[in-house]
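Q: To start, I am sharing the structure in question, which I have written as structure tokens.
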Amino acid sequence: MRLKDKTAVVTGAGSGFGEGIAVRFAEEGASVLVADINEDSAARVAQAISDDGGRAQAFRVDVSDTSQVKAMMDEAESAFGGMDILVNNAGIAQRRGPMLEVTEDEFERIYAVNVKSIYLTAVHGIPLLRKSADGNIVNIASTAAVSPRPGLTWYNGSKGAVVTLTQSMAAELAPEKIRVNAVNPVIGETGLTEAFMGGDTPELREKFVATIPLGRMSTPRDIANASLYLASNEADFITGVAMEVDGGRCI
């Protein structure tokens, strides 16, 4: 098993990409703290992992709140003895539309969840990663960071920040042998799909899929497999990359 005896904290793990990552990591032997703002969703995923023979615990967290992020890291230490892998997956979308129609409150929430959360998990989580022999971070960014579409300007910027933070964190933490990488998914089958497309109709889906050379949207399993590789010892000489998992979208 590729993550045997490892402990992972996965944020936004109650659905979508985060659920896929939590389940895949557990399949490969990791103990997983399934963290999500929706407590019921987190509990469902953790129970499913346990029913399948894995080890998981649910935890409710708003990743934009420092006290809650600290509590999450404290829970990882008390429940599993520490943390080897941190997956910053929690994120929210900008509903597609003109950039000037996004309210200030909406803008601030996008950056609080998508960007500030990485600062907070670093502040409260890096002390745990320093105690691990294989500490590493996987940030879930987006193809929007490197090939932005109109209508998602503020979201694009937040994911651009995730990629830049990934690279800078990787450089700064390398002397401590803590790796930091990112995954850039293309649009996928998640709870955010409708917001990204500005609706959800067969015609809209066809329009978006037409921009993906391999001819489909991403799936949670696609993103989970990429995250698994980056988090595993197979990638122990890889840090600071933003891996596009996009069916060729960014070619």
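The values are calculated or read from the model by the stated rules, or taken from the named source; none is laboratory data. What you see is a predicted model, and the numbers here were worked out from it, not measured in a lab. Don't worry about glycine lacking a Cβ; one is built from the backbone with ideal geometry, like all the others, and counts go over all protein chains shown.
Q: Give me the pairs: first residue in region 47-63 and surrounded by 24 or more Cβ atoms within 10 Å (Cβ to Cβ), second residue in a loop (DSSP other than H, G, I, E, B) and modelled with pLDDT of 95 or more, beta-carbon distance under 6 Å, and six or more apart or on different chains, which are they?
A: Short answer, once both residue conditions are applied: 63/90.
Q: Continuing with this model, one more query. What single numbered condition from (1) modelled with pLDDT under 90; (2) closer than 30 Å to residue 122 by Cβ; (3) not in a loop (DSSP other than H, G, I, E, B) fails to hold for residue 234?
A: Only one criterion in (1) modelled with pLDDT under 90; (2) closer than 30 Å to residue 122 by Cβ; (3) not in a loop (DSSP other than H, G, I, E, B) is unmet by residue 234, namely (1).
Q: Taking the stated definitions as given, is residue 158 under 20 Å from the mean Cα position of the chain (by Cα) and either surrounded by fewer than 15 Cβ atoms within 10 Å (Cβ to Cβ) or outside any helix (DSSP H, G or I) (or both)? Before the answer, list the steps.
A: Details: under 20 Å from the mean Cα position of the chain (by Cα): yes; either surrounded by fewer than 15 Cβ atoms within 10 Å (Cβ to Cβ) or outside any helix (DSSP H, G or I) (or both): no.
Against the criterion (under 20 Å from the mean Cα position of the chain (by Cα) and either surrounded by fewer than 15 Cβ atoms within 10 Å (Cβ to Cβ) or outside any helix (DSSP H, G or I) (or both)), residue 158 does not qualify.
Q: Next question. For region 9-21, indicate whether the set of residues that are under 25 Å from residue 131 (Cα atoms) and more than 16 Å from the chain's Cα centre (by Cα) is non-empty. Quick ask: steps written out before the conclusion?
A: Residues of region 9-21 under 25 Å from residue 131 (Cα atoms): 9-13, 18, 21.
Filter once more, so that each one left must be more than 16 Å from the chain's Cα centre (by Cα): none.
No, region 9-21 contains no residue that is under 25 Å from residue 131 (Cα atoms) and more than 16 Å from the chain's Cα centre (by Cα).
Q: Scan region 33-64 for residues that are acidic (Asp, Glu) and touching a Lys or Arg at 6+ places or on another chain (Cβ under 8 Å) and jot them down. Quick ask: steps written out before the conclusion?
A: Kept after step one, since they are acidic (Asp, Glu), are these residues of region 33-64: 36, 39-40, 51-52, 62.
Those that are acidic (Asp, Glu) and touching a Lys or Arg at 6+ places or on another chain (Cβ under 8 Å): 36, 39.
Q: Among (1) surrounded by 24 or more Cβ atoms within 10 Å (Cβ to Cβ); (2) of a type outside the set (Asp, Glu); (3) touching a residue at least 60 places away in the same chain (Cβ under 8 Å); (4) more than 22 Å from residue 58 (Cα to Cα), where does residue 142 come up short?
A: Just one mismatch for residue 142, condition (3).
Q: OK, next. Is it the case that some residue within region 113-126 is in contact with a Ser or Thr (Cβ under 9 Å, 6 or more places away or on another chain) and among the small types (Gly, Ala, Ser)?
A: Yes, region 113-126 has at least one match.
Q: Taking interchain pairs and intrachain pairs at least six residues apart, which have beta carbon atoms under 6 angstrom, with the first residue in region 227-251 and more than 20 Å from residue 20 (Cα to Cα) and the second assigned to a loop (DSSP other than H, G, I, E, B) and at pLDDT 95 or above?
A: From region 227-251, the pairs are 248/213; 248/214; 249/186; 249/212; 250/146; 250/147.
Q: Any residue at all in region 37-52 that is modelled with pLDDT of 95 or more, of a type in the set (Ser, Thr, Tyr) and within 11 Å of residue 10 (Cα to Cα)?
A: Of all residues in region 37-52, those modelled with pLDDT of 95 or more come to 37-52.
Subset that is of a type in the set (Ser, Thr, Tyr): 41, 50.
After this cut, where a residue has to be within 11 Å of residue 10 (Cα to Cα) as well, the list is none.
Checked against the condition, which is being modelled with pLDDT of 95 or more, of a type in the set (Ser, Thr, Tyr) and within 11 Å of residue 10 (Cα to Cα), region 37-52 yields no hits at all.
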